[in-house]
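The values are calculated or read from the model by the stated rules, or taken from the named source; none is laboratory data. This one's a predicted model, so the numbers in the text were calculated from it and none came from an experiment. Here the Cβ positions follow ideal geometry from the backbone for every residue, glycine too, while neighbour counts run over all protein chains shown.
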């Protein structure tokens, strides 16, 4: 019975080492997968034309044809560009099948009076907008109750647009990259899928595996050596 007890730390150490190695390789595979997607994103190409929001996927470059719902334009507050405070302009785009995609059209500077919002030229005729589809950040800290009202919002939540419009709204934002005569700034930062983050996590797990293996060997050496020294 005592010999079995002495084996428990070894089994636990080996299992911990194996688990860390497995998690490390999982992070390596995630890094390789995202590296391929990052290379695809960075490569120049013609955006795929889509006519329905049902086929849209995150990290996809698309070209959407539709009509602006200008009356539902929203200004995303506290957005900084070139060290100047302003807004991101969000306008719903109604596609041919009746569904809606929210387009982040770009950045505009805030005026001297916060109660006066910028005027954004929005054509009434059909348009074609190309850009990158991303999932909105809804995890940022906020002090209010989370219920958006009026034209100035803190978060770009497509569900709030869906409640306003009473139509299906895609859960993604289209960050416009195509040119439009609206005076908005669209020099978006390069999209980063976090390849380096996964590599760092992989290295971390491999280090944990080495530490677990080293500790298992050290305590095993002590456990079996000390009884032998006492019997001498």
**OP:** Identify, by number, the condition in (1) at pLDDT below 95; (2) closer than 21 Å to residue 56 by Cα that residue 143 doesn't meet.
**Re:** (2)
Subject >> Candidates 174, 215, filtered to the one that is surrounded by 13 or more Cβ atoms within 10 Å (Cβ to Cβ), at pLDDT 75 or above and in contact with a strand residue (DSSP E or B) (Cβ under 7 Å, 6 or more places away or on another chain) >> reply: 174
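Kindly establish whether residue 221 is surrounded by 15 or more Cβ atoms within 10 Å (Cβ to Cβ) and at pLDDT below 90.
So residue 221 does not fit the description; no.
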